[in-house]
Amino acid sequence: MNADVRGWRMALVPDALINPLPAARAALPDVLAVLEAGGYGVLQLPPPGGHGLLLAVIADQVAEYAHHGYAVAAVGVRGQPGDGLHWRGLAPLLRHRGIELPPRHVVRPGADVAAEGARLAAFLAGYDLPPEEQRRWRGRTQEDR
Amino acid sequence: MEQHAPRKVALVANCLLNQNAKVCQGANYRAVASPVVEVLRRRGYTLQQLPCPELAFAGVRRWWAVYEQYDTPAYRAHCRRLAQAIAPLIEQYLRRGDEVILIGLDGSPSTGVRFTSSQPDWGGRPNRPQDDWEIQPRRGVWIEELEAELARRGLPPVPATGWALDMGRFDEAGARRDLEEFLDSHAAAAGARADDPAAP
C-alpha cells in the first residue's frame, strides 16, 4: 500500500453541478475541477425529486465523516429548487444525527464564469475544521504537510 | 412524458469521487480518482456516484477486511438498503433508454467487479502480514446485492468493470488501459446494436 493521501475535506454537490446539461455548461465553472484542485471529495446529491431513502443514506455518511474529523461543506447552484441541496429533506436528517449543518456556498450561473470559479475556490480554501480538531483526528494539520 | 436524448451514464464506486471513503492507508488520491473521472468525462459520460456500503456500516476507522468477513446476513441487508436507495435513479436511466455502465473497484471486498479480495481464515486480532490475502475473480458483496436489486426490478444487467485500486499493488497506467479497453469494447457493442435493431 502507498501512503494515504486523503484530503479530509469533501462537499455535498447537486447532480446539476456534476453533470450540467449541455445548454447550462457554458454558464457554469467546472465545479468538479475546482473541487478536485481544492482537494475536496464529492458527495453527489440526486436531481430534484423525493429520494428520501437516498438522502437518509447520504446523511448517515455525512454523520460518520463529521464525527471523525472530516470537513463537510455544501455547494449549491442558484436556479434549482433549494439550490439543488435538498436542504428541506437533508437538514432534519443531519440534525437528527447530531450534525451541525455544513457551511454552504451557492454558484451563480450566468455570472462571470471565471470569477464564479474563483469565488468557489476561495470558499473551499477558506473552510476546514479548527486546527486543534485537525490535530486530534488527523495527526497533523493541513498546514503541517 | 418529457422527451430527452439518451445519455451515457457511468455508475461509479463512491470512493472514485471521494477518496475519504477509503479504508485507512487506501487513499491513493487526495480527493477524486482523477484518471477515472477524466476518461469518463472525455467520453461524454454523466457520473452517478454509488453509496459506500463499508463507510456507513463499519465506519471511517474500519479495519481492512476481505470478502468472507463482509459476507454476513447483516451486511447484506445493509447493502440491500443502499441498493434500494439508489436503484430508482438507475431504473429511471435504464427505462428512458440511457446507456448505463458500472465502474467498481477491483480487489474490494464490497465493490469489486472482476476481482475481490479473499482469505477465509481472516478474523480475530488484526495482525495479519501485508499481502496476506488472495485475489479471486468474483464480485464484491455490495455489487452482488446491487445487481440482485436491479434484477428484482426486471432490469437488464449493466456492463461493468472495476478500477484496479485494491489489488495489492496499484498500477495506475494498467488500470487506465483496462478502463479505456472496456469503454472501447462497450462503445463498439453499442454501435453494433444501433446498426442492428433486432440484436439483443
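A short reminder: the numbers here are calculations on the coordinates, not readings from a lab. If you're wondering where the values come from, they're calculated on a predicted model, not measured in any experiment. Reconstructed Cβ throughout: ideal geometry from the backbone, glycine too, with neighbour counts over all protein chains shown.
Observations on the structure shown:
- Alpha-carbon centroids, region B:45-62 and region B:71-97: separation in whole Å: 13 Å
- Under a 5 Å amide H cut-off, with hydrogens placed 1.01 Å from N, A:VAL107 pairs with A:GLY76, A:VAL77, A:ARG78 among residues at least 5 apart or on other chains.
- Amide H to amide H distances under 5 Å link B:GLY140 with B:GLY112, B:VAL113, where only residues 5 or more positions off or on other chains count and H is placed in the peptide plane.
- Pair B:ALA173, A:LEU53: separation of 7 Å Cα→Cβ label points (nm): 4.5 nm
- In chain A, helices alone account for a calculated mean residue ellipticity at 222 nm of -11500 deg cm²/dmol, with every DSSP H run of four or more residues adding -39,500 (n - 2.57).
- Here the simple spin-label model places points 7 Å from the Cα toward Cβ, and for B:ASP184 and A:ALA121 these points are separated by 3.5 nm.
- Shape of region B:59-101, Cα gyration tensor, a/c cut at 1.5: prolate
- Taking the Cα centre of the protein assembly as shown as origin and assigning +1 to Lys and Arg Cβ atoms and -1 to Asp and Glu Cβ atoms, the resulting dipole is close to 780 debye.
- What you get for chain A, charging only the Cβ of Lys and Arg (+1) and of Asp and Glu (-1), is a dipole of about 180 debye around the Cα centre.
- Span-rule helices in chain B, defined as complete DSSP H runs reaching 18 Å or more along the axis (Cα) with Kyte mean at least -0.5: B:73-95
- Derived scalar couplings between HN and Hα for region B:17-32 equal 9, 8, 5, 5, 6, 5, 4, 3, 6, x, 8, 8, 10, 6, 9, 10 Hz in order, rounded to whole Hz, by the Karplus curve 6.51 cos²θ - 1.76 cosθ + 1.60 (θ = phi - 60°), x for Gly and Pro.
- Considering only the protein assembly as shown, percent of DSSP beta bridges that pair antiparallel, nearest 5: 10 percent
- Cα gyration tensor shape for region A:1-91, rounded if a/c is under 1.5, else prolate or oblate: oblate
- Less than 5 angstrom separates the built amide H of B:GLN49 from those of B:VAL12, all sequence-distant by 5 or more or on a different chain.
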